[in-house]
Amino acid sequence: MEHQFIDKALFFPEKGILVIGDLHIGYEYQLQQSGVLVPEHQIKEMIEELKKIFEKIKKENKIMKKIIFLGDIKHSFAYEWKEKNYFNEVIDFLKKYFKEKDIILIKGNHDTIDYSFGKMKKYYVEDDIAFLHGHELFLQVLDKKIKTIVMRHLHPSVLITEKHGVKKEKYKCFLTGKFKGKEIIILPSFLGMIEGTTVNDYNESYESYFSIIPKKTLMNLEVHAVGEDKVYDFGKVKNLA
């Protein structure tokens with residue numbers, strides 16, 4: 001299935017489906033609650049980023065019919081009234097572009113409280129594409145009719161080292177390849193404050209927090225780093241380790 005990377009988002013132009021990774025709404029607020037003095041820009045910046053993505057799609061004369069969020073929509077594991085307000089603010093913004101039924105919310109491990117009042121799904125299937133968060137695997141996702149799995153949870157990033165090791169920089173990245181005989185696409189986190197987990201600098205605790213994707217599979221996935229102007233291909237993870 002044809003797809004394109006647009007900043008930190010994934011778009012299926014034939015289906016008009018835009019896919020977004022973890023939002024972690026309320027992350028800044030929780031930092032404040034723990035005593036870290038940070039300004040609350042998260043929602044404003046998130047909405048601005050989404051607007052830019054929407055505009056890019058529009059400029060290419062393509063149509064968005066549906067938007068899918070791949071879980072960890074909220075950050076706190078407990079109920080937070082301010083977090084709920086932020087959640088509603090983002091949903092109200094999205095309703096300007098999509099019908100409510102076309103805003104698909106998938107439940108992640110952080111979504112212990114459902115601010116959508118039961119609208120969150122464990123996974124979502126559209127024709128031959130399955131969308132899930134990635135901390136759990138479902139038999140329906142492995143059905144033979146499914147050709148592509150789209151997930152999150154890993155917060156993938158890649159550490160790029162310049163020649164002679166003078167400079168190292170970390171970038172959010174997409175990962176693509178094969179998983180259980182199907183195409184797999186793993187999205188980076190949409191949260192701008194944190195780059196994520198460095199997939200080419202893993203340690204022995206990998207299996208305990210890296211979800212349904214085994215280490216052997218991860219090493220053979222292709223890295224697509226998110227730059228300021230476009231997404232850059234860097235080959236397989238194992239060749240960057």
| said: So K236 ticks every box in (1) farther than 29 Å from K52 by Cα; (2) modelled with pLDDT under 85 but one. Which box is left unticked? | reply: (2)
| Taking segment 39-65 as the search range and keeping residues that are farther than 14 Å from L191 by Cβ and over 19 Å from the mean Cα position of the chain (by Cα), which one is surrounded by the most Cβ atoms within 10 Å (Cβ to Cβ)? | K62
| request: Tell me, yes or no, whether segment 198-207 has at least one residue that is touching a Ser or Thr at 6+ places or on another chain (Cβ under 7 Å), modelled with pLDDT of 90 or more and closer than 18 Å to G134 by Cα. | output: no
| field | Conditions (1) more than 20 Å from N88 (Cα to Cα); (2) of a type outside the set (S, T, N, Q); (3) at pLDDT below 75; (4) in a helix (DSSP H, G or I); number of the one not met by E55 | value | (3)
| request: Give the residues of segment 92-108 that are closer than 18 Å to G21 by Cβ and in a helix (DSSP H, G or I), sorted by residue number. | output: F93, L94
| request: Please verify whether segment 82-91 includes one or more residues that are modelled with pLDDT under 90, surrounded by 19 or more Cβ atoms within 10 Å (Cβ to Cβ) and either basic (K, R) or in a loop (DSSP other than H, G, I, E, B) (or both). | output: no
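The values are calculated or read from the model by the stated rules, or taken from the named source; none is laboratory data. Please read these numbers as outputs of a predicted model, since none were measured by experiment. Methodologically, a virtual Cβ is constructed for each residue, glycine included, from the backbone with ideal geometry; neighbour enumeration extends over all protein chains shown.
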